[in-house]
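Step one of this worksheet: look at the structure below.
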Ligand SMILES: Cc1cc2nc3c(=O)[nH]c(=O)nc-3n(C[C@H](O)[C@H](O)[C@H](O)COP(=O)(O)OP(=O)(O)OC[C@H]3O[C@@H](n4cnc5c(N)ncnc54)[C@H](O)[C@@H]3O)c2cc1C
């Protein structure tokens with residue numbers, strides 16, 4: 001499928017690019033250093049209506065679709081990956097409601113998420129269950145007119161700063177993936193404890209938490225979809241959020257290339273600018289090639305989601321986009337550190353941060369090994 005950015009999408013890209021360069025870029029190094037969630041940046045995203053870009057207008061979003069979400073994430077990640085994680089996590093938390101929620105639930109939780117007043121998190125991973133979601137142990141047991149949730153989650157992005165959390169549980173373990181159900185838990189719900197903050201390699205300004213649920217009561221109205229429908233909703237959610245992670249990776253890689261193209265013209269060795277050395281020119285050409293290929297893949301799947309949402313190609317394309325773009329981000333940022341030499345390794349320059357931030361895009365929303373399995377299964381069936 002061919003795609004072209006329309007006038008509105010081009011305008012959105014320019015607006016977000018300006019916001020990113022003028023308001024987010026100046027703070028990127030500092031928030032990485034202090035390792036604190038950037039509330040000022042969250043406010044900027046909120047005030048500019050960027051936290052609900054793909055949510056339908058009926059529920060207070062911009063209704064601008066996946067291509068627009070990808071453009072927004074890419075431009076933000078280009079200067080500050082941690083801030084782009086606020087956008088991708090909001091999508092990860094809100095998409096289950098968009099896909100499986102009823103009208104009342106959407107009005108109650110999606111609308112404040114769309115206008116950015118409410119932040120969301122999505123809690124899937126547990127100490128013993130990451131790639132294999134069916135390995136989770138958290139349960140939701142019927143109790144009166146609701147459920148009691150028990151279990152613990154780890155590595156939950158925005159876990160300590162979110163107002164609502166989409167939680168993945170078993171309502172019937174015997175049924176395997178058909179016994180998985182999703183619930184919305186509000187942050188002040190008794191029985192929910194926010195645990196320790198994870199210290200990480202990268203994405204320092206992104207809040208990553210343990211969450212503990214102890215007899216955490218939720219009413220039946222907090223269940224998204226039918227009992228047992230959670231796995232299906234979650235897998236459909238990943239079809240939308242993996243391309244967003246792809247866009248995040250493209251942004252990180254483009255940010256590193258931007259830095260390099262300036263640096264090689266300014267830095268001189270052997271009496272010449274670095275840009276005159278063919279060895280480095282070829283590295284830059286390869287970086288540019290890989291970024292363009294990744295971007296094309298990401299926008300292709302986003303465009304398919306916007307125009308043919310029921311297309312059977314989406315899971316495979318989403319996995320391909322995420323895999324290609326995240327491997328590109330890792331390679332490009334590593335090469336960018338090399339091009340900067342010792343300065344690339346120094347915290348005085350942003351390259352080492354970009355390289356650290358790139359790594360997570362190969363891991364979250366399903367590792368790239370899991371993406372290979374999805375692609376192989378889809379071509380072999
Ligand atoms: C900073 C950060 C933020 C995160 N945010 C969230 C969040 O908001 N919500 C959430 O629920 N989770 C979140 N996660 C968790 C993340 O999604 C998982 O770490 C990821 O899915 C991998 O799971 P795991 O760490 O348990 O690795 P494992 O599943 O234990 O995998 C270990 C290794 O084995 C490989 N592997 C596993 N199975 C196979 C297989 N069948 N074939 C080949 N190789 C395989 C994996 O690719 C990996 O290399 C976050 C993690 C981090 C680090």
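Only the coordinates and a few stated rules stand behind these numbers; no lab work does. Owing to the predicted nature of the structure, the values given are computational and were not obtained by experimental measurement. All Cβ positions, even for glycine, are placed from backbone atoms using ideal geometry, and neighbour counts span all protein chains on display.
Assorted remarks:
- FRET E, pair residue 15, residue 178, Förster distance 45 Å, beta-carbon r, rounded to 0.05: 0.55
- Compared with the alpha-carbon gap, the fully stretched path from residue 196 to residue 269 is longer by 21.5 nm at 0.36 nm per residue.
- C-alpha long axis of helix 7-19 to longest principal axis of the chain, angle in °: 80 degrees
- Packing-based exposure ordering (other Cβ within 10 Å, fewest first) of 199, 178, 142: 199, 142, 178
- Efficiency of FRET between residue 188 and residue 40 - r from beta-carbon atoms, R0 30 angstrom, step 0.05: 0.80
- Rounded tilt (10° steps) of 314-340 against the dominant C-alpha axis of the chain: 40 degrees
- Sorted by Cβ neighbour density within 10 Å, fewest at the top, the residues 162, 326: 162, 326
- Pairwise label distance in nanometres, residue 57 with residue 3, each label 7 Å out on the Cα-Cβ vector: 2.2 nm
- Segment residue 285..residue 313, full-extension length gain: 7.0 nm, with 0.36 nm per residue of separation and the alpha-carbon distance subtracted.
- Helices in the chain, meaning DSSP H runs of at least 4 residues, each add -39500 (n - 2.57). Divided by all residues, the mean residue ellipticity at 222 nm is -16500 deg cm²/dmol.
- Alpha carbon centroid spacing (whole Å) that separates the stretch 147-161 from the stretch 249-271: 40 Å
- Taking the C-alpha atoms only, the angle from helix 278-307 to the longest principal axis of the chain is near 30 degrees.
- Most fluctuating residue given options 132, 14, 229, as computed from a GNM of the chain linking Cα atoms under 10 Å: 132
- Selected from 278, 117, 259 as most flexible by GNM, with the chain as the system and alpha-carbon contacts under 10 Å: 278
- Mean sequence separation of contacting Cα pairs (under 8 Å, at least six apart), scaled by the length of the chain, corresponds to a relative contact order of 17 percent.
- For the stretch 76-108 versus the stretch 316-376, the inter-centroid distance based on Cα atoms is 22 Å.
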